[in-house]
Amino acid sequence: MTTSTPAVVQAPGRSSVPSRARKVRKRLSNPWASLAAVIIAALWTIPTIGLLITSFRPEVDITRNGWWNVFGNPRFTLDNYEQALFGGQTSLATYFVNTIVVTLPSVVIPIAIALLAAYAFAWIDFKGRDVLFVAVFALQIVPIQVTLIPLLTQYNQWGLSGSFWPVWISHSMFALPLAIFLLHNFMKDIPASLVEAARVDGAGHVKIFFRVLLPLLVPAIASFAIFQFLWVWNDLLVSLTFAGGRPNVAPLTVRIAEMVGTRGSDWFLLSAGAFISMIVPVIVFLALQRYFVRGMMAGSVKG
Amino acid sequence: MDWNYISYYFNWLFGEIRNFLLVANNPGQKIFLAVVVIALFVAVMALLLWLVDRPRNPRGWLVASVFAGPALLLIGFGLVYPAIRTTYSSFYDRNGQNFIGWDNYVRAIGEPEFQLVLRNTALWVFLVPILATAIGLIYAVIVDRTRFEKLAKTLVFMPMAISMVGASIIWRFVYDYRQASSPQTGLLNQVLVWLGIEPQQFIIQQPWNNFFLIVVMIWIQTGFAMTILSAAIRAIPDDIVEAARLDGLSGVGLFRHITVPSIRPALVVVLTTIAMATLKVFDIVRTMTGGNFGTSVVANEFYTQSFRYNDKGIGATLAVILFVLVIPLVVYNVRQMRKVEEIR
């Protein structure tokens, strides 16, 4: 429902036009304020760094003492990662592939379906359009929990359990209300004159959609795609329910959460495992920060 | 005609396709399947669009149903039907066979076990939005327009990118406990030891463990608050700030009398948004404690009851309660959002 927040988020872009007051970069003048900022930044970074360092320490060192001892006695290894990825008991490599296989269709399919629906709601006149659109908008609030048991029953009846389909279908369905709403808003922002001009030239809806609208929507699609990608990649609930612990379909999050339960004190595995699951989102985040922030803001209350 | 042969052949073909689509055992097969599924999907959509584009003047409803139909069907099947179905189940017993009226709701509100869950949820929904917003706001104001702004914001926003499972593992490690006689491996207990205090079992000791779980959610959500509020602060017109400065306001005074009132709608949006996310928090509790040691919340209890204890009735009831609790937050959020947009 934060749906229209992209508007808010665009503000920094707009105000980056340097005004007189803003050209002067203020320095951290108040020492207390700087101290507070440093403390917050430290609290938000050190836990992650601690686990990251741990993931590269030899197993004996990890159990012997805390990661901060590494500064006195630096010994590093990649064994933990090798164990976590390919070791018989964890074999996270398999689950890594599962995560990729779960994610790709779960991003592409809802975006394609939502694009078409958003086009219909924005530029095709049909009876009951507004009522339907408001209904779709309102459905964003349905918590995923409400849908799980009936869907699971249904998938089992169709004989889909144990395959990727329940996860793909569920992620696609859950993404639709938000995706339609966001893309509709972007489509509405495109000047009607452009669409009218194409219509006068004899273009049908399909042509208008592909030739006129789609190219203009690339940034919006990118933002949503990144949001959806991370949502699916990081999801636990949907996969846990529909894929369970089956090594053939379960993604990384499910496996790692399970490892916390069964091997909660094997920090050499958990630390490496956590970073194996985090590396892709972090790269996406650092590489596409702008779209990323916009997408995260837009969909922050999904699910 | 050899119909038997043909039907046998069709059955065989159907079985093969079915196997291909449902069973994938090695990485190559899986990725190939994902690609094929996407390609198939694109092909079907393209075919539909191509068909609808054929006649010169296609009927409006036909075009509309090809464009909007798939989405509406999926939403109907994936959200509307299950929501109704779950509400219905919440009035039935654990196997969904006997109608028991409001009994599940009476249990969910009355039994001590569930009261604890509701209390914990209330604690989460109260603390996480307030603290995450407060920290995010203060941090945004301090680092705004400094030399390190970009880096400083990236550091705090980063937890938004990683999974809650990952974040929970990071914090479990911070809270890790060893007996006082051996060296600590968890940072927080090491700090206690340095201060001369006994190490604590942070995620086991009730009721304080709830706060240590809540910290994880605050850690994740602060970046969100910071980003939205930072944008709102930048949108405050320069002349207002200048005028306040001329009136002698600066530092804390400027923050209290100008910044906070100017971004009030954005503050409300952030608070309600985080509250909604917190209400549905599942991953953190599940990963940190599995809902044990008195830390369960509604979203986690829903999962435990539905899938571990197989009590479909109470599970459905908890899901409906979650749904009902979200609604007022959403309504308020949407109304404030309108205000934020008007100001723009």
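The values are calculated or read from the model by the stated rules, or taken from the named source; none is laboratory data. All values reported here derive from a predicted model rather than from experimental measurement. All Cβ positions, glycine included, derive from the backbone under ideal geometry; neighbour counts span all protein chains shown.
Between B:Ala43, B:Ala83, the distinction of being touching a residue at least 60 places away in the same chain (Cβ under 8 Å), hydrophobic (A, V, I, L, M, F, W, C) and in a helix (DSSP H, G or I) belongs to B:Ala83 only. Please tell me if A:Asp189 is more than 8 Å from every other protein chain (Cβ to nearest Cβ), farther than 30 Å from B:Asp176 by Cα and of a type in the set (Asp, Glu). Taking the combined requirement at face value, the residue satisfies it. Of the residues making up the stretch B:76-93, those that are surrounded by fewer than 17 Cβ atoms within 10 Å (Cβ to Cβ) and under 17 Å from B:Tyr303 (Cα atoms) are B:Thr87, B:Asp93.
Looking only at residues in the stretch B:94-123 that are part of a loop (DSSP other than H, G, I, E, B) and surrounded by 13 or more Cβ atoms within 10 Å (Cβ to Cβ), which one is modelled with the lowest pLDDT? Steps first, please.
Initially, the stretch B:94-123 is screened for residues part of a loop (DSSP other than H, G, I, E, B), giving B:94-98, B:100-102, B:111.
Filter once more, so that each one left must be surrounded by 13 or more Cβ atoms within 10 Å (Cβ to Cβ): B:94, B:96, B:100.
Values: B:Arg94: 88, B:Gly96: 85, B:Ile100: 91.
Selected residue: B:Gly96.
Residues in the stretch B:188-208 that are assigned to a helix (DSSP H, G or I) and buried (at least 22 other Cβ atoms within 10 Å of the Cβ): B:Asn189 only.
Of all residues assigned to the stretch A:150-166, at least one qualifies as being facing another protein chain (nearest Cβ under 10 Å), under 17 Å from B:Gly76 (Cβ atoms) and touching a residue at least 24 places away in the same chain (Cβ under 8 Å). Residues in the stretch B:147-171 that are farther than 20 Å from B:Gly136 by Cβ and either more than 7 Å from chain A (Cβ to nearest Cβ) or among the hydroxyl-bearing types (Ser, Thr, Tyr) (or both): B:Ser163, B:Ser168. Restricting B:Leu131, B:Leu151 to residues that are buried (at least 16 other Cβ atoms within 10 Å of the Cβ) and either assigned to a helix (DSSP H, G or I) or in contact with a strand residue (DSSP E or B) (Cβ under 6 Å, 6 or more places away or on another chain) (or both) narrows the list to B:Leu131. Applying the condition of being farther than 20 Å from A:Val280 by Cα and touching a residue at least 12 places away in the same chain (Cβ under 8 Å) to the stretch A:217-239 and asking which residue is surrounded by the fewest Cβ atoms within 10 Å (Cβ to Cβ) yields A:Pro219. In the stretch A:48-63, how many are closer than 14 Å to A:Ile276 by Cα and in contact with a Ser or Thr (Cβ under 9 Å, 6 or more places away or on another chain)? Qualifying residue count for the region: 6. Only one of the numbered conditions (1) touching a Gly at 6+ places or on another chain (Cβ under 9 Å); (2) of a type in the set (Asp, Glu); (3) farther than 27 Å from B:Leu318 by Cα is violated by B:Asp93, and that is (3).
Out of all the residues in the stretch A:64-78, is one or more more than 9 Å from chain B (Cβ to nearest Cβ), surrounded by 23 or more Cβ atoms within 10 Å (Cβ to Cβ) and part of a helix (DSSP H, G or I)? No - not one qualifying residue is present in the stretch A:64-78. Looking at the stretch A:37-59, is at least one residue closer than 30 Å to B:Asp239 by Cα and either modelled with pLDDT of 90 or more or outside any helix (DSSP H, G or I) (or both)? The answer is yes, given that some residue of the stretch A:37-59 is closer than 30 Å to B:Asp239 by Cα and either modelled with pLDDT of 90 or more or outside any helix (DSSP H, G or I) (or both). The residues of the stretch A:124-139 that are more than 8 Å from chain B (Cβ to nearest Cβ) and in contact with a helix residue (DSSP H, G or I) (Cβ under 6 Å, 6 or more places away or on another chain), listed by number, are A:Phe133, A:Phe137. I'd like to know if the stretch A:105-120 contains one or more residues that are part of a loop (DSSP other than H, G, I, E, B) and touching a helix residue (DSSP H, G or I) at 6+ places or on another chain (Cβ under 7 Å). No; the residues of the stretch A:105-120 include none that is part of a loop (DSSP other than H, G, I, E, B) and touching a helix residue (DSSP H, G or I) at 6+ places or on another chain (Cβ under 7 Å).
What residue, of B:Leu249, B:Leu267, B:Leu271, is farther than 30 Å from A:Val238 by Cα and modelled with pLDDT of 85 or more? Even if it seems obvious, please write down each step before you answer.
Details: B:Leu249 fails: modelled with pLDDT of 85 or more; B:Leu271 fails: farther than 30 Å from A:Val238 by Cα.
The conditions single out B:Leu267.
For the stretch A:165-275, which fully contained helices (runs of 4 or more DSSP H) count at least 2 residues that are modelled with pLDDT of 85 or more and more than 25 Å from the chain's Cα centre (by Cα)? Before you say what the answer is, go through the steps one by one.
Working: elements: A:165-189, A:192-200, A:218-234, A:237-242, A:252-262.
Correct list: A:192-200.
B:Gln336 meets the stated requirement of being on the phi < 0 side of the Ramachandran plot, touching a Pro at 6+ places or on another chain (Cβ under 8 Å) and of a type in the set (S, T, N, Q).
Go through the stretch A:95-138 and report how many residues are free of Cβ contacts under 8 Å to residues at least 40 places away in the same chain and within 20 Å of the chain's Cα centre (by Cα). Before the answer, list the steps.
Step one: list which residues in the stretch A:95-138 are free of Cβ contacts under 8 Å to residues at least 40 places away in the same chain, which gives A:97, A:100, A:104, A:108, A:112, A:120, A:125-132, A:134-135, A:138.
Still in the list and also within 20 Å of the chain's Cα centre (by Cα): A:97, A:100, A:104, A:108, A:112.
Residues in the stretch A:95-138 being free of Cβ contacts under 8 Å to residues at least 40 places away in the same chain and within 20 Å of the chain's Cα centre (by Cα): 5 in total.
Please verify whether B:Thr185 is in a loop (DSSP other than H, G, I, E, B) and surrounded by fewer than 23 Cβ atoms within 10 Å (Cβ to Cβ), treating the condition exactly as stated. Spelling it out, it is not the case that B:Thr185 is in a loop (DSSP other than H, G, I, E, B) and surrounded by fewer than 23 Cβ atoms within 10 Å (Cβ to Cβ). Restricting the stretch B:291-320 to residues that are within 10 Å of chain A (Cβ to nearest Cβ) and β-branched (Val, Ile, Thr) leaves a set whose member that is farthest from B:Gly110 (Cα to Cα) is B:Val320.
Among the residues of the stretch A:167-193, just one is touching a helix residue (DSSP H, G or I) at 6+ places or on another chain (Cβ under 6 Å), surrounded by fewer than 18 Cβ atoms within 10 Å (Cβ to Cβ) and hydrophobic (A, V, I, L, M, F, W, C), namely A:Ile190. Go through the stretch A:67-94 and report how many residues are without any contact (Cβ under 8 Å) to a residue 24 or more places away in the chain and either β-branched (Val, Ile, Thr) or in contact with a Lys or Arg (Cβ under 6 Å, 6 or more places away or on another chain) (or both). Total satisfying the criteria: 2. Scanning the stretch A:202-216 for residues that are surrounded by fewer than 21 Cβ atoms within 10 Å (Cβ to Cβ), without any contact (Cβ under 8 Å) to a residue 12 or more places away in the chain and within 14 Å of chain B (Cβ to nearest Cβ) returns A:Gly202, A:Ala203, A:Gly204, A:Lys207, A:Phe210.
Among the residues of the stretch B:257-274, are any part of a loop (DSSP other than H, G, I, E, B), touching a helix residue (DSSP H, G or I) at 6+ places or on another chain (Cβ under 8 Å), more than 9 Å from every other protein chain (Cβ to nearest Cβ) and within 28 Å of B:Val106 (Cβ to Cβ)? Scanning the stretch B:257-274, I find no residue that is part of a loop (DSSP other than H, G, I, E, B), touching a helix residue (DSSP H, G or I) at 6+ places or on another chain (Cβ under 8 Å), more than 9 Å from every other protein chain (Cβ to nearest Cβ) and within 28 Å of B:Val106 (Cβ to Cβ), so the answer is no. No other residue among B:Ile214, B:Ile197 is among the aliphatic types (A, V, I, L, M), touching a Leu at 6+ places or on another chain (Cβ under 8 Å) and more than 10 Å from chain A (Cβ to nearest Cβ) apart from B:Ile214.
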